[in-house]
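This report concerns only the one structure given below.
The values are calculated or read from the model by the stated rules, or taken from the named source; none is laboratory data. If you're wondering where the values come from, they're calculated on a predicted model, not measured in any experiment. So basically every Cβ, Gly included, is an ideal-geometry build from the backbone, and we count neighbours across all protein chains shown.
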Number of protein chains: 6
Amino acid sequence: MKEKFPQASYITMNELVLPNDTNTLNNLMGGRLLHWMDIAAAISAQKHCNNIVVTASVDNVSFQHPIKLGDVVTIHAKVTRAFNTSVEVRLDVWAENIPSGHRVKSNEAYYTFVAVGEGSKTIPVPALIPQTDQEKELFDGALRRRQLRLILGGKMKPDDATELKALFTAAKQ
Amino acid sequence: MKEKFPQASYITMNELVLPNDTNTLNNLMGGRLLHWMDIAAAISAQKHCNNIVVTASVDNVSFQHPIKLGDVVTIHAKVTRAFNTSVEVRLDVWAENIPSGHRVKSNEAYYTFVAVGEGSKTIPVPALIPQTDQEKELFDGALRRRQLRLILGGKMKPDDATELKALFTAAKQ
Amino acid sequence: MKEKFPQASYITMNELVLPNDTNTLNNLMGGRLLHWMDIAAAISAQKHCNNIVVTASVDNVSFQHPIKLGDVVTIHAKVTRAFNTSVEVRLDVWAENIPSGHRVKSNEAYYTFVAVGEGSKTIPVPALIPQTDQEKELFDGALRRRQLRLILGGKMKPDDATELKALFTAAKQ
Amino acid sequence: MKEKFPQASYITMNELVLPNDTNTLNNLMGGRLLHWMDIAAAISAQKHCNNIVVTASVDNVSFQHPIKLGDVVTIHAKVTRAFNTSVEVRLDVWAENIPSGHRVKSNEAYYTFVAVGEGSKTIPVPALIPQTDQEKELFDGALRRRQLRLILGGKMKPDDATELKALFTAAKQ
Amino acid sequence: MKEKFPQASYITMNELVLPNDTNTLNNLMGGRLLHWMDIAAAISAQKHCNNIVVTASVDNVSFQHPIKLGDVVTIHAKVTRAFNTSVEVRLDVWAENIPSGHRVKSNEAYYTFVAVGEGSKTIPVPALIPQTDQEKELFDGALRRRQLRLILGGKMKPDDATELKALFTAAKQ
Amino acid sequence: MKEKFPQASYITMNELVLPNDTNTLNNLMGGRLLHWMDIAAAISAQKHCNNIVVTASVDNVSFQHPIKLGDVVTIHAKVTRAFNTSVEVRLDVWAENIPSGHRVKSNEAYYTFVAVGEGSKTIPVPALIPQTDQEKELFDGALRRRQLRLILGGKMKPDDATELKALFTAAKQ
C-alpha cells in the first residue's frame, strides 16, 4: 500500500443554512453542523483510504459564534495522520454572511474513521507523510489526541498516556 | 430562581433508522446520530432552564457498534449540573433491533448548552440539586469535564485544572 | 408464543417542531403529526410483536389545539389489545412550549398494525394481558373500535356489530 | 359569499415513493401517506375557501395493499360539503407500478379543515352545491360522517345522531 | 410495440412551497423547482414508455416570477414526441396564491428521458401519435429542439441542423 | 462599485449521494443534481455580487453518465461574466466513486442569477474582469449564450442575435 500526502485528502464543502437547519432563534443548530462535518470528514477519509469508512469518534467540539439562516458554511477537511486501520481528520469550519461580507471561524474539530472491508472487518490504510510544517504539527498532535480519546473511552489508563501526560507534568513544575 | 432536580429534565427520544440516515453499508451515519443527540439534549436543557438554549459544546463521542437500517435508536437525556448560564446534559444512547431483540448500548455523551434571552444574551439558569448517588457522581464529574473542555478550547491552562490534574498526578505516583 | 403485558410496548417519542413541519401560520401540519404518530405506534407494535409490522388502519383523529413552531411534541404509545395477527396501539400526544411552560393534550388516537413475515404473509402475535384498570378498559373498548373499523371498511354489517350496537340501542330506549 | 361547485376544489397530486418513505420491507409507510393526503386535502380545501385552512380531523383510514418503493401514488381530492366554518374533503388514492402497469385503489378517506383568519379565528366559508349524482351522494353522507366524528370526539351523544342512528335501527329490524 | 397518444402520459403534480424550499427572501429556489419538474416529467415519461426512465437532458428554463412560501405549484407534464429510445416531455408550471386567487404561469420547459432496461442498456420506446393541433405543433418543434440539444452538447455541427438553421436563414433574408 | 476577478467567486461543493437522491436503479436523479448545482451557483453568484441573488435561468444541461448511490459529487462554480444586474455562472460537475477511484466529468452548465435588493428590485452588480485565457474565452462566450437565452425566452428575434448568428452563417458557406 502506497503512502499518501495530506493534500490528497483535502476537500471543501459549502452548505447554505436553510430554515430546517435552524432553531427558533434562526441560528444553525449544533447537531446539524456536526452532521455536515461528519459527511465532509468521511469524504476526506475515504479519499485517503480509497475505501468505505465509518465514523469511530468525534473529539470535543465547541460552538462559539451563532451561525444565521442564509449564511454559507464552508468546511475544509484533511487527514492529519493514519494509524493501522484508522485515520484522524482535521476540520476547519467557517461561516459567512456573503451580502455583508462578515466571515468568522466557527470551529476546529477532529473526527476519526475506521476503514472497513468485507463483512465489516477493519482493514489497513495507507500511511500518511506530512509535508508542510503545519501538517507535521498536526501529525505530531494526533498521537496526543488519540491517547486522550482512549482514556476518555476507558481503553487506556492515564498513566500509560505518555504523550498526554507531558502536558500536565510540564505544567506541574 | 428555584432550584431543580435532575428528574425534571429527563426525556426519552426514539428514532427509527431510515435509508437516508445510513451509509452504503446500511449503517447509521455518525453525524446523523450526533444530530439526534443534539435535539434530545436541547429539549432536556430547555426543560431545566425553561428557556431557549443553544449548543455550546459536545464532548468526545465514540461509536463502537454499527447501528443498522430499521433499528430503533433510544436516547435518554438528563441535566447533570447547572453552571451560571449553562448546563451539562448527559446522554445514554441505545440501539435495538426489535424483531431479533438484540439491544446494545451505543454511546454515552455530554453536551453543554447556554441559555439565551433577548438579543441573544446569556441569562442565568436554575441551580441543579442531585438526588440519587448516580446523579451526585455525575454532578461531581461535571466540574472535571468542564475543565477539560476549557483546556481543549484553549481557555484554561492545564496547570489551573485542579480537578482534572488529580487524574494524572494520582496516576503518576 | 408467550403472552405479554402492555408495559412491554410502552414507548415515548419527543419531536421538536421545525419550520418544514409547519404551515404559513407557523402551526404544525396535521399530516406531519399523523406521520410521527405512525412511527411511534409502529415502534410500540414492534415491541409487542417482536416482528416487522405494517400499518393497517388509523382511527378518527381530531386536532383541537394548534401546535406552534419550536414546541416539543411528546407521543406516548402502548398496545391495548392483540388480535390474531394484529394489534391496536393507543397514542396520547402532548404539545409543550417549554420556555413558557404551556402544555396541552393535543390528541388521543388508535392505530392498528399487522405483523408480517416471509413473503409479506401475516403471522400470529402474542396475546396481551391487561394489568391496570385503565389497561383493562382500553382492552375492552378495543373490540368496539374494531367493529367500527370493520363497518367503516365495509367488512362487517352494522347488525353484526354486537358490541357497537349496544351504544345505539341503549341510547334508543 | 358566493356558492361554489365541487369541481372548483378538485385537485390531483402525484408522488414518487422514495427510499425514505418506506419501511424495511420497501413498502410506503402509512404515516407518510397520511402526510401526503393531508397536503393534497389542504390544497383542495384552500381552493374552496380561498383562505388559509387548518386540519380539524381525519376519519378512519385503512391500508389494504402494500405500496412499493418506486411506485407512483396519485391522490385525487375534492370538497364534498361545506359547513359554517369548515369543509369535508374526500380523497381517492391510487398506487401504480408504471413499468408493469399494475394499478390498485389504495384508500378512500375524509379529512376536514377549518378556515382561519386574523388571530387564528375561524371564519365562514362558501356553501357547496353538489352537481353530479356522485357529488350529491357524498354531500348527503357528509352529515352522517360529521355526526360520527362528533360522537367519537365526545361532542355529541349517540342518541342525538339522527342520521347515524338510522344505520343501526334499520339494521335492527 | 403499440403506438400511444400524448394524453396517455398527461399528469398533474401539485406541491406546496414549504420553508426549506425557499431562500432568505421567502421565494421558491429555482433548483427546488427544477427538482419537482424532473419528478413530474419522469412520471410522465414512464407512463409513455411503461419502463424505467432516466433524465437525459433539460432544456433552457427561465424563472420570471418569484414564487412565494405557501404558494401551490402546479406542474402539467405530457410527452411531445418519442424518438428511438427517448422521449421529450413538455412541462407547464403554474404558481398560485390560493387565498388571494393570484395565479401566474411560471415556466414552460422540456426535459428528455431515456428508457433503460437490464444492465442499464437503452431500449426502444413506443412511437407517439399527436392528435390535437397543439400536440402536432409540439411534435414538430421537438425535432428542432433536439438539434439544438445536439449542437449544444457538441454532438452535431450547426451546418447539419437543417431544422434549426431554417430559423436563422429565414431571419437572414 | 469595484470590479472583481473570477477567482473571487470560485467555490467548490461536495455532496454524498444518499438513498433519497436516487431512483430505483440507484442512480442520482437528474433533478436532485440540478438542485445542488443551483445552490452551488447561487453561492458563487452571491460572492461576486455581495448581495442576495435569485435564479434567473438555467441553460441546457445534459446527463451522460449515471452517478451511483454512495458516489461523491463535486461541483465547481465560478462567475464568467457580469451584465448590468445579473451574472452568468459556469458549473463543472464531477462524480467519483472513491473506493474504486473511478471519476468522470458529469456535466458542464450555465446558470444565471439576478441581484435583488429592497422590495425585490434588481440592483447593479460589479463588473467582472477575466484574467486567464480560459476565463476570457468563457467571458466572450457569455454574450452568445445570453442571446440564445433571449431567443429561447421569446425576448429577442433570431435576426438580432449577431453573436449567435455567426455560428450558423459561418457554417452556411
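A few notes on this one:
- Residues of region C:121-136 that turn out to be outside any loop (DSSP other than H, G, I, E, B), in contact with a Phe, Trp or Tyr (Cβ under 8 Å, 6 or more places away or on another chain) and surrounded by fewer than 18 Cβ atoms within 10 Å (Cβ to Cβ), as a count: 0
- Criterion violated by E:Asn20 - all others in (1) closer than 12 Å to F:His35 by Cβ; (2) buried (at least 22 other Cβ atoms within 10 Å of the Cβ); (3) not aliphatic (A, V, I, L, M) satisfied: (2)
- Selection over region C:24-55 of residues that are crowded, with 22+ Cβ neighbours inside 10 Å and not in a helix (DSSP H, G or I) gives a count of 6.
- The numbered conditions (1) over 22 Å from D:Thr112 (Cβ atoms); (2) buried (at least 18 other Cβ atoms within 10 Å of the Cβ) are all true for C:Ala95 except (1).
Listed here are the residues, each with its yes/no results for (1) within 15 Å of the chain's Cα centre (by Cα); (2) of a type outside the set (Ser, Thr, Tyr).
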residue: A:Gly70; (1), (2): no, yes
residue: A:Ile75; (1), (2): yes, yes
residue: A:Phe83; (1), (2): yes, yes
residue: A:Val89; (1), (2): yes, yes
residue: A:Val93; (1), (2): yes, yes
residue: A:Val104; (1), (2): no, yes
residue: A:Thr112; (1), (2): yes, no
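- As a summary of the residue check, B:Arg103 satisfies the conditions (1) touching a strand residue (DSSP E or B) at 6+ places or on another chain (Cβ under 6 Å); (2) free of Cβ contacts under 8 Å to residues at least 60 places away in the same chain; (3) within 14 Å of chain A (Cβ to nearest Cβ) except for the one numbered (3).
- Single condition F:Pro66 does not satisfy, out of (1) at pLDDT below 95; (2) under 19 Å from the mean Cα position of the chain (by Cα); (3) of a type outside the set (Asp, Glu); (4) in a loop (DSSP other than H, G, I, E, B): (2)
- Filter result (farther than 18 Å from D:Gly153 by Cβ and of a type in the set (A, V, I, L, M, F, W, C)) within region C:52-75: C:Ile52, C:Val53, C:Val54, C:Ala56, C:Leu69, C:Val72, C:Val73, C:Ile75
- All of A:Val73, A:Val87 fail the test of being among the aliphatic types (A, V, I, L, M), over 25 Å from F:Ala8 (Cα atoms) and out of contact with any Gly (no Cβ under 6 Å at 6 or more places or on another chain), apart from A:Val87.
- Once region E:150-173 is narrowed to residues that are touching a Phe, Trp or Tyr at 6+ places or on another chain (Cβ under 9 Å) and not aliphatic (A, V, I, L, M), the residue that is modelled with the lowest pLDDT is E:Lys172.
- Residues satisfying the criterion are absent from region F:138-150 (criterion: within 14 Å of chain B (Cβ to nearest Cβ), out of contact with any Cys (no Cβ under 6 Å at 6 or more places or on another chain) and either of a type in the set (Ser, Thr, Tyr) or over 25 Å from A:Thr74 (Cα atoms) (or both)).
- Condition met for C:Ile67 (within 14 Å of chain A (Cβ to nearest Cβ) and either closer than 19 Å to C:Ile11 by Cα or in contact with a strand residue (DSSP E or B) (Cβ under 6 Å, 6 or more places away or on another chain) (or both)): yes
- Residue satisfying all of: in region F:6-23; touching a Gly at 6+ places or on another chain (Cβ under 9 Å) and outside any strand (DSSP E or B); nearest to the other protein chains (Cβ to nearest Cβ) among these: F:Leu18
Let's see how each residue does on (1) more than 10 Å from chain C (Cβ to nearest Cβ); (2) of a type in the set (Lys, Arg); (3) in contact with a helix residue (DSSP H, G or I) (Cβ under 9 Å, 6 or more places away or on another chain):
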| site | (1), (2), (3) |
| --- | --- |
| D:Trp36 | no, no, yes |
| D:Ala41 | no, no, yes |
| D:Val73 | yes, no, yes |
| D:Ala77 | yes, no, yes |
| D:Asn97 | yes, no, no |
| D:Thr122 | yes, no, no |
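- Residue among F:Ser62, F:Ser86 that is at the interface with another protein chain (Cβ under 9 Å from one of its Cβ atoms), farther than 25 Å from A:Gln46 by Cα and surrounded by fewer than 24 Cβ atoms within 10 Å (Cβ to Cβ): F:Ser62
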